[in-house]
1. Among the residues of the stretch B:126-154 satisfying the criterion of being of a type in the set (D, E, K, R) and surrounded by 12 or more Cβ atoms within 10 Å (Cβ to Cβ), which is modelled with the lowest pLDDT?
2. Checking A:VAL131 against (1) under 17 Å from the mean Cα position of the chain (by Cα); (2) more than 14 Å from chain B (Cβ to nearest Cβ); (3) touching a residue at least 60 places away in the same chain (Cβ under 8 Å): exactly one of these is not met. Which one?
3. Looking at A:GLY418, A:GLY462, can you tell me which residue is within 14 Å of chain B (Cβ to nearest Cβ) and either aliphatic (A, V, I, L, M) or surrounded by 24 or more Cβ atoms within 10 Å (Cβ to Cβ) (or both)?
4. Looking only at the stretch B:154-187, count how many residues are in contact with a Cys (Cβ under 8 Å, 6 or more places away or on another chain) and more than 30 Å from A:GLN223 (Cα to Cα).
5. Does A:ARG200 fit the bill of being assigned to a loop (DSSP other than H, G, I, E, B) and among the basic types (Lys, Arg)?
6. Among the residues of the stretch A:296-329 satisfying the criterion of being buried (at least 21 other Cβ atoms within 10 Å of the Cβ) and in a loop (DSSP other than H, G, I, E, B), which is nearest to the other protein chains (Cβ to nearest Cβ)?
7. Exactly one of (1) closer than 25 Å to A:ARG263 by Cβ; (2) modelled with pLDDT of 90 or more; (3) not hydroxyl-bearing (Ser, Thr, Tyr) is unmet by A:LEU361. Its number?
Amino acid sequence: MNYFPDEVVEHVFDFITSHKDRNSVSLVCKSWYKIERYSRQRVFIGNCYSITPQRLIARFPGLKSLTLKGKPHFADFNLVPHDWGGFVDPWIKALAKSRIGLEELRLKRMVVSDDSLELLSKSFPNFKSLVLVSCEGFTTDGVAAIAANCRFLRELDLQENEVEDHRGHWLSCFPESCTSLVSLNFACLKGEINLASLERLVARSPNLKSLRLNRVVPLNTLQNLLMRAPQLVDLGIGSYVDDPSSEVFSKLKAVIQLCNSIRSLSGFLEVAPCCMSAIYPICENLTFLNLSYAPGLQGNDLTKLVQHCRKLQRLWILDCIGDKGLGVVASTCKELQELRVFPSDPFDAGNAAVTEEGLVLISAGCPKLNSLLYFCHQMTNAALITVAKNCTNFIRFRLCILDPVKADPVTNQPLDEGFGAIVRSNKSLKRLSLSGLLTDQVFLYIGMYAKKLEMLSIAFAGDSNKGMLYVLNGCKKLRKLEIRDCPFGDVALLEDMGKYETMRSLWMSSCEVTHGACKTLAKKMPSLNVEIINESEQLEFSLDDRLLVDKMYLYRTLVGHRKDKPEYVLLL
Amino acid sequence: LIATFPNIYISTTVQYIDLSINQSAINLQSIMVFEKDLNLDATELRLGLPGSSEESLRISNKRALPDMNDDSGVAAAKKCDQETAPPTKAQVVGWPPIRSYRKNSLQTKKTEAETGGMYVKVSMDGAPYLRKIDLKVYKGYPELFKALEDMFKFKVGKYSEREGYNGSEFVPTYEDKDGDWMLVGDVPWEMFINACKRLRIVRGSEARGLGCVV
């Protein structure tokens, strides 16, 4: 099989970068397995409990970049109790003990402690990049350790983490000798920082391309920073409030004109709408605009801004833009590929901000649209059918109607036909989230047409086990299935137990699965961890088999039961 | 405390009597409430084949999560009676599906917008001490002036773009973010409250330089 010396094969493998491809390559033969594992530098682990750090280290001694994901997706919505798991500490400890020259660590939904961050910062001399998304458990002291000890740090990217802010001087902990920063994102930190330190840091970072500030950074500091870093490609503005007639503001306007590399803009955590005109000159070249944390900008302000953004490919916005505003987006942003519309007031049905009309306009005006996250107050089958006609390139389609079981307001019908049309015409669909009033019929359509579907999120939908069975039988590529508040029970769960070995995980909460069925599944499938989250105060697990399980999370694993489970989790 | 549901078996193979509970939520934390709500239907003995749904028991005990920040409190409401309409949005845990970080962010901004004041110091020439006012509570200049007039017992006088407050004994001025002293009233209200760091009411005679048009 192998006509070439190992070095040649290895060189060929250098060109194979996607995880899936490298995984496939390693399965061809023993020789390729060996060559691949020694040359592998980047590893992605979608569920930190599917493998242990020791086995990872043993197989990939050349590891440089590790991506880990911890808690299940529904943890984002408070469905997973505190201390469930997803601790990064054992990973960092194991890596630190080994000879791995870790350079990059990306974590999502994991629990990170200050001690872990400090150990990380001191154990890997070539450490370059730390990206934390939706993590928790650490404070600015941990961030300070990273700043202080990682001498060649290029990237410190904190996205939407819950960080306890000790108002310390983490920013001042970057030594004067640190000049390697390429990306710095601290938008999620709430506390004060030393503005002078920030200015000095930016001044000595000639490679800085991405800078996202938090809300305590005022406009005059922004002006100073931009003066020192006109080469920025990605900018996240903290506070954007000033008197447009002030001198500082005029200086800012002038400096912004020089920043003609900016392609991505976000933030505006505090904003005075009258100051937005200074931004217009850079709008022409923007490909990504994220105003989803800027509730200070109302519909008109948003529309006026968007009108300047002809090259926009990704837009994240609040629903106060309104249907009309989306119409402006549709007529301006012809290159748009991704749209996310978030609710500005999740619990108030009063301001009907966007409806099906806005979505239809977008679908008609933006032919390249392939990724959608849309929170709205209502949706109709007719609109979805129109969207399906206009857009056939969807890879991600997530629709969230704020009222969980709302029917089509025009016909009073469930939204089965609408979603059915979407899956029928979008053959490349990989991710789908449903909402609104839905029966088993929509799942029949999904099983029939969504052949490439990898992730499905269902809530308050379906009538019977048939719904879930349609999906499990039809969606051959399904990897992640998460279900809440649906009438799916034991029959659906146990019909094809082998299916779960082909998937990363299954979450079912407030469904009709019994304790007994979970036990059966766990017994028959030793390669799965079946976890029951039981939040009742009785810690006796002699639960009746007929009891309905409140939350079940199962996932495939190579290493059996995890050792760090909290008291309220029962591993079957 | 473990709630036990005794099974009463009749000797033949298939049929047995069982205590069955209807599908309402049973909240173990509040046994007292449960007992009050107990109705006869719930404890009715009935014949049932094994596997029939009446036998399903649910212990759903929604302990309030320590980090929950929406108003839902105990979410037992959502488990009651699948026939009835779903509970109001505010009571459904984890709905709408927005990351807590984002929800918290928007809520903070709301409360800040609602309760975070914009307090500035106000000094008046000749007054023995300064006052503080919250600019956010006023909708515009007329309201602000009325409040200042009440507070310091003076009259502001008429504003004109050409001549400022010419003719008034006292003139309102403010220090802006650049540190300059400006005449109150020249710029739109929103702009003013964002720029104003402190207020100073000066004597008309001193204010001549600000209000006069050459």
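1. For the stretch B:126-154, the residue satisfying everything is B:LYS136.
2. (3)
3. A:GLY462
4. Looking only at that region, the number is 3.
5. Values: assigned to a loop (DSSP other than H, G, I, E, B): no; among the basic types (Lys, Arg): yes.
Criteria not met by A:ARG200.
6. Residue satisfying both the conditions and the ranking: A:LEU297.
7. Only one criterion is unmet by A:LEU361, namely (1).
Rundown of residues vs (1) surrounded by 22 or more Cβ atoms within 10 Å (Cβ to Cβ); (2) over 25 Å from the mean Cα position of the chain (by Cα); (3) in contact (Cβ under 8 Å) with a residue 24 or more places away in the chain; (4) within 19 Å of A:VAL354 (Cα to Cα), yes/no style:
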| residue | (1), (2), (3), (4) |
| --- | --- |
| A:TYR374 | yes, no, yes, yes |
| A:HIS377 | no, no, yes, yes |
| A:ILE385 | no, yes, yes, yes |
| A:LEU402 | yes, no, yes, yes |
| A:VAL410 | no, yes, yes, yes |
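The values are calculated or read from the model by the stated rules, or taken from the named source; none is laboratory data. For clarity, every value in this text was computed on a predicted model and none was experimentally measured. Every residue, glycine as well, gets a Cβ built from its backbone with ideal geometry; the counts of neighbours run over all protein chains shown.
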